[in-house]
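The values are calculated or read from the model by the stated rules, or taken from the named source; none is laboratory data. Keep in mind that what you see is a predicted model, and the values were worked out from it rather than measured. Please note: Cβ atoms are built from the backbone with ideal geometry, for glycine as well, and neighbour counts cover all protein chains shown. Please note that ligands, DNA and RNA were not included when accessible areas were found on the heavy atoms of the full protein model with its side chains. Shrake-Rupley method; radii C 1.70, N 1.55, O 1.52, S 1.80 Å.
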Amino acid sequence: MSYVLSLFCRRDFSCVRVGCLMIGSAIAMPTAAQVFAPGPSVPGLFDTVINVPSPGTGTTISGTVGGIPGQTTQVNVNNFGGIVSSLASPFQAGLGAEINVDGGTLGEGFESLTGSEVNLLSGEIRDDFSAMGNRVDLSGGTVGDDFFAGTAATVNISGTVEVGPRFVAFDGSTINISAGSVGNGFDALSGSVVNISGTAELGTSFEAFGGSEVNVSGGTVGASFSALDNSVVNISSGTIGNNFDAGDGSVVTISGTALLGNDFDAQEGSTINLTGGTIDGVATVRDRAVFSMSGGSVGPVAAQAGGTVNITGGSVGDFSRAEAGSDLNILGGGVGTNFRAENGSVVDISGGTVGEDLEAQDNSTVLISGTAAVGDGVSIGNGALVRVTGGSVGNLATVGTFGRLEVTGGSVGDALRVQVGGVAEVSGTGSIGTGAAIEDGGFLLVGAGGGVGNSLAVFDGGEIRIDGGTVGAAANLLAGSTVTLTDGSIGGLTDTEGTFNLEGGSVGAAFFAQSGSEVNVTGGTFDGTYFVLPGAMFNVFGSDFALDGVPIAGLVNGVATTIPDRDVTLTGTLQDGTALSLELDSTNANGTQFATGATLTLTQIAAALAGDYNASGQVEQGDLDIVLQNWGTGTFTGDENALVGGGPFDGTVDQNELDGVLQNWGSTAAPDFGGASVPEPGVAGWALLGVLGRFGRRES
C-alpha cells in the first residue's frame with residue numbers, strides 16, 4: 001500500500017490535502033469511455049476489484065481508494081455491505097476508482113474526487129456526499145442531504161433514485177435529471193448547467209444563481225423556483241409550481257408545453273420570453289423588466305411602474321392591468337375581459353383582441369390602432385384619453401366625467417354614452433355607431449370625414465358640434481340640448497326640442513322643430529322636408545330678405561324682427577352667403593310646414609366691418625384687446641371669431657391690424673346701400689386714435 005496527496009475543496013470552499021490509500025496490481029488502464037460509461041464497468045477492466053461484503057473481508061471497508069496514475073480500482077458495495085465514512089474521516093475515491101453501490105451503504109461525508117466514478121443502483125449514499133471533477137450516475141436507492149456536485153462533475157439522476165434536500169451544483173458542474181426525485185432547496189450555482197427532463201421530480205425552493213443555466217424539458221419542479229440575477233432558464237415542457245421569481249438580469253424563456261403555476265414574478269431588470277406553454281396565474285412585471293409574449297397563455301398580467309409588456313400572440317387572462325408608469329403594448333394575440341389601464345399608464349393596442357369592459361382609469365392613455373379589436377363596455381375615466389386611429393371598439397362605450405374619446409380612424413360601436421364633462425371627437429375615417437347618447441354636460445365634435453350613426457340622442461345640457469362628416473337619421477335633440485352644424489350633414493327625421501344652430505352643411509329629410517325648440521340659421525341648407533311646429537322659435541340671419549319676391553322693409557341691422565306671414569316663400573342670402581328659400585306653409589300642403597304658432601325672426605347682418613376682429617358688429621374695446629394681446633405674433637388668439645370681420649390678415653399682428661381698429665373706432669355695421677358712409681369716431685375717438693397710433697408705431 002502507498003499514499004498520494006491530492007487537493008480537495010470542501011463544501012465550505014476551504015481546500016485541504018488528503019492522503020489516499022491505493023490498492024491494486026499493475027494491469028492496463030481502461031479508456032475514458034470505459035471508465036465513464038453509465039453503470040458499473042466490467043470488473044475485468046480493473047487492476048483491483050473489491051466486493052463488499054466478501055468472504056474473509058467483513059461487511060465494511062474504510063479509508064481511501066484510487067489516486068495513483070495508471071492504477072484502477074473497482075469497489076462494489078452490495079446488500080448488507082458498507083463503506084465507513086464520516087465528516088471527520090471521509091472515505092475518498094480518487095483517480096481511477098469506480099464505486100458501485102447496489103444495495104449497501106456508503107457513509108456520510110463520502111468524497112469522490114477527479115477521475116473517479118460513482119454508480120448508485122440501489123442502497124444508500126448518506127449525507128454530505130461530494131463529487132468533484134468526476135462522473136456520478138444515480139439510478140436507484142437514496143442519496144442523503146447536502147449532496148455537493150463540484151467543479152467539472154457530471155451527475156446523471158435517473159430511474160427511481162431519491163436525492164435528499166439541499167443538493168448544490170457548483171461552477172462547472174453538469175446535472176442531468178431525467179427521472180427519480182431531488183429534495184427541496186436545490187441550488188444551481190454560477191457556471192453550473194442543470195438539465196431536467198422525463199419524469200424527474202424536484203422539490204420546492206429550487207434556485208438558479210447568476211451565471212447558471214437551467215433547461216427544463218420535462219418532469220416537475222416544486223413551488224418557489226427562483227431564477228436569480230443573471231441566470232438563464234429555458235422551460236420547454238414539464239411543470240413548475242407556484243411562485244416563480246425571475247431576478248435582475250435573468251433571462252427566462254417559456255415555450256412548448258411548459259406549465260407554470262400561479263404568482264409568476266418578473267422582478268426588476270429581468271427578461272421573460274413566452275412563446276408557448278402556460279403560466280397558470282398572475283404574472284407580475286416589475287420596474288425595468290421586459291415581458292414579451294408571442295404564444296402560449298398566461299393569466300392576468302400586472303405591469304407595474306417601469307415594466308414593459310409586449311404581446312404579439314398567445315392568450316392573456318381576464319383582469320390584466322397596466323399600472324402607472326408602465327408600458328404595455330398589444331400587437332397581437334388575445335387579452336381577456338376587464339383589462340384596466342390604471343391612473344397615469346400608457347397602453348398601446350395596435351393588433352389582437354381585448355375582451356369586454358376595458359377600463360381607462362383616471363389620467364391614463366389608451367391608443368387603439370391597426371387591426372386591434374376591443375370588446376364592448378369600454379369606460380373612460382376622469383382625465384383619461386382613448387384615441388382610436390384604427391381597429392374597432394365594441395358597443396356600450398362610456399366617456400365618463402372629463403374623459404376624452406378621439407376617433408380619427410377605425411370604429412366605435414353602438415350606444416356610446418358621453419357623460420358630464422366628457423368629450424368625444426370623431427373625424428378622418430373614424431366612425432361611431434347608432435344610438436349614441438350625449439348626456440348633460442357631455443360634448444360631441446364631429447369633424448371632417450367622421451361619421452355618427454342613426455338615432456343620436458342629445459339630452460338636456462348635452463352639446464354636439466358638426467364641423468364636417470355626417471350624423472345619421474333619426475337624431476333626437478332633447479330639451480336643453482345644443483347642436484351646431486357648421487359643415488357636413490345631419491340626416492333626416494331630426495327631432496329637436498333644444499337649440500339647433502345651422503351655420504353650414506345640410507339637414508336631411510324630415511326636420512322637426514318641436515315646441516320649445518330654438519333654431520338659429522346663419523348658413524347651410526334644409527335638403528328635405530321640415531316642420532316648424534307651434535311653440536318653436538326659428539331665427540334666420542342674413543340679408544336681402546324677401547317674401548314672394550317682395551323685399552322686406554324696416555329691417556334694422558343686428559335687430560331681430562318677427563315675421564308673422566305664412567303661406568309665402570321667404571328668400572334671401574344667409575350670413576355665410578348661401579341662398580335661402582324657405583316655404584312658410586302653415587297647412588303642410590306641400591310636405592313642409594311652418595306653423596302659425598311658431599315664431600319666425602329675421603336678423604339683417606351687414607357686410608364685414610374692418611377692425612371688427614371679434615365680429616360683434618362694432619369696433620370697440622374687445623377688438624383693441626385682441627390686437628394688443630397678440631401684438632407681434634403670427635396668430636390671433638383669445639376669441640374664436642377673431643378676424644371674421646377684420647381681415648385681410650398679413651401674417652403678423654402689427655400696425656395694419658391696429659390701424660383697422662383705430663380708423664373705425666366706435667363704428668357699427670351698417671347695410672351697404674351703395675355709397676352710404678361709415679360714421680366717423682367722435683372727439684373721444686380722435687383722442688384715442690392719437691394715443692394708440694403713437695403706441696403702435698413705437699412698437700412696430
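Quick one: net charge around residue 462, please, counting Lys, Arg +1 and Asp, Glu -1 for every other residue with C-beta under 10 Å from its C-beta.
Charge balance in the 10 Å sphere: -4.
Add +1 for every Lys or Arg and -1 for every Asp or Glu among the other residues with Cβ under 12 Å from the Cβ of residue 532, and state the total.
-2
Pop out the ³J(HN,Hα) list for the stretch 323-331 in order, Karplus 6.51 cos²θ - 1.76 cosθ + 1.60 with θ = phi - 60°, rounded to Hz; leave Gly and Pro as x.
7, 4, x, 8, 10, 10, 10, 10, 10
Once fully extended, how much extra length lies between residue 544 and residue 557, figured as 0.36 nm per residue of separation less the alpha-carbon to alpha-carbon distance?
That pair, residue 544 and residue 557, stretches by 3.5 nm at full extension.
Might you tell me the accessible area per residue for the stretch 419-566, computed with a 1.4 Å probe and given in Å²?
35 Å²
In nm, to one decimal, how far is the residue 569 label point from the residue 628 one, both placed 7 Å along Cα→Cβ?
5.2 nm
Mind listing the phi-derived Karplus ³J(HN,Hα) values for the stretch 204-220, rounded to whole Hz, using 6.51, -1.76 and 1.60 with θ = phi - 60°, and x for any glycine or proline?
Karplus values, whole Hz, x for Gly and Pro: 7, 6, 6, 10, 9, 7, x, x, 8, 10, 10, 10, 10, 10, x, x, 9.
Which whole-number value in Å² is the accessible area per residue of the stretch 289-357, probe 1.4 Å?
31 Å²
With θ set to phi - 60°, apply the Karplus curve 6.51 cos²θ - 1.76 cosθ + 1.60 along the stretch 445-461 and write out the HN-Hα couplings as whole Hz, x wherever there is a Gly or Pro.
10, 10, x, 3, x, x, x, 10, x, 5, 6, 5, 10, 10, 8, 3, x
Between residue 305 and residue 576, what length comes free when the chain is fully extended (0.36 nm per residue of separation minus the Cα-Cα distance, one decimal in nm)?
Computed gain between residue 305 and residue 576 is 92.3 nm.
Note down the net charge around residue 567, summing +1 for each Lys or Arg and -1 for each Asp or Glu among other residues with Cβ under 14 Å from its Cβ.
-3
With a probe of 1.4 Å, find how much accessible area the stretch 162-266 has per residue, and write the answer as a whole number in Å².
About 32 Å² of surface per residue is accessible.
Quick check: residue separation of residue 371 and residue 515 times 0.36 nm, minus the Cα distance between them. What number comes out in nm?
Stretched fully, the residue 371-residue 515 segment lengthens by 47.2 nm.
Where the accessible area of the chain is counted over protein heavy atoms with a 1.4 Å probe, how much of it, in %, is carbon and sulfur?
53 percent
Rounded to the nearest 5, what is the percent of antiparallel bridges among the DSSP beta bridges in the chain?
Percentage antiparallel, nearest 5: 10.
Amide H to amide H, which residues 5 or more places from residue 235 or on other chains are under 5 Å from it, using H placed in the peptide plane?
Here 216, 253, 254, 255 satisfy the definition.
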